[in-house]
Amino acid sequence: MLKHDCGSCHGLPPKGGLGPSLMPEVLADKSDALLIDAIQNGRAGTAMPPWKNFLTVDETAWLIQQLRKR
């Protein structure tokens, strides 16, 4: 999912593209709560769609932890 769905906008590696970079150094100052909200509910006025119909909050939190490890 990270490679195909997220990567299509955030790039591979996720250094940015249509969406912003998801590299650990960029995410370091972002709280998990902020990132969970952005993924679950999307970002109004951007191409970021809501993923809450496809990912649980726990799955989203796991995904964020994986991004922070890269």
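Observations on the structure shown:
- Residue pairs whose Cβ atoms lie under 6 Å apart, sitting 6 or more positions apart in sequence or on different chains, and linking a residue in region 21-35 that is touching a residue at least 40 places away in the same chain (Cβ under 8 Å) and of a type outside the set (Phe, Trp, Tyr) to a partner that is surrounded by 15 or more Cβ atoms within 10 Å (Cβ to Cβ) and part of a loop (DSSP other than H, G, I, E, B), are Leu22/Pro14.
- The residues in region 37-70 that are out of contact with any Ser or Thr (no Cβ under 6 Å at 6 or more places or on another chain), assigned to a helix (DSSP H, G or I), surrounded by 13 or more Cβ atoms within 10 Å (Cβ to Cβ) and aliphatic (A, V, I, L, M) can be counted, and the count is 5.
- Of residues in region 1-36 being at pLDDT 95 or above and among the hydroxyl-bearing types (Ser, Thr, Tyr), the one surrounded by the most Cβ atoms within 10 Å (Cβ to Cβ): Ser21
- Residues that are in a helix (DSSP H, G or I), farther than 13 Å from Leu63 by Cα and in contact (Cβ under 8 Å) with a residue 24 or more places away in the chain within region 1-19 comprise just one, Cys9.
- Only residues that are closer than 23 Å to Ala44 by Cβ and of a type in the set (A, V, I, L, M, F, W, C) were counted in region 3-31, giving 6.
- Among all positions in region 49-68, there is at least one residue which is acidic (Asp, Glu) and more than 11 Å from the chain's Cα centre (by Cα).
The values are calculated or read from the model by the stated rules, or taken from the named source; none is laboratory data. As the structure is a prediction and not an experimental result, all values here were calculated from the model. When we count neighbours, we look across all protein chains shown, and the Cβ atoms used for this are built from the backbone with ideal geometry, even at glycine.
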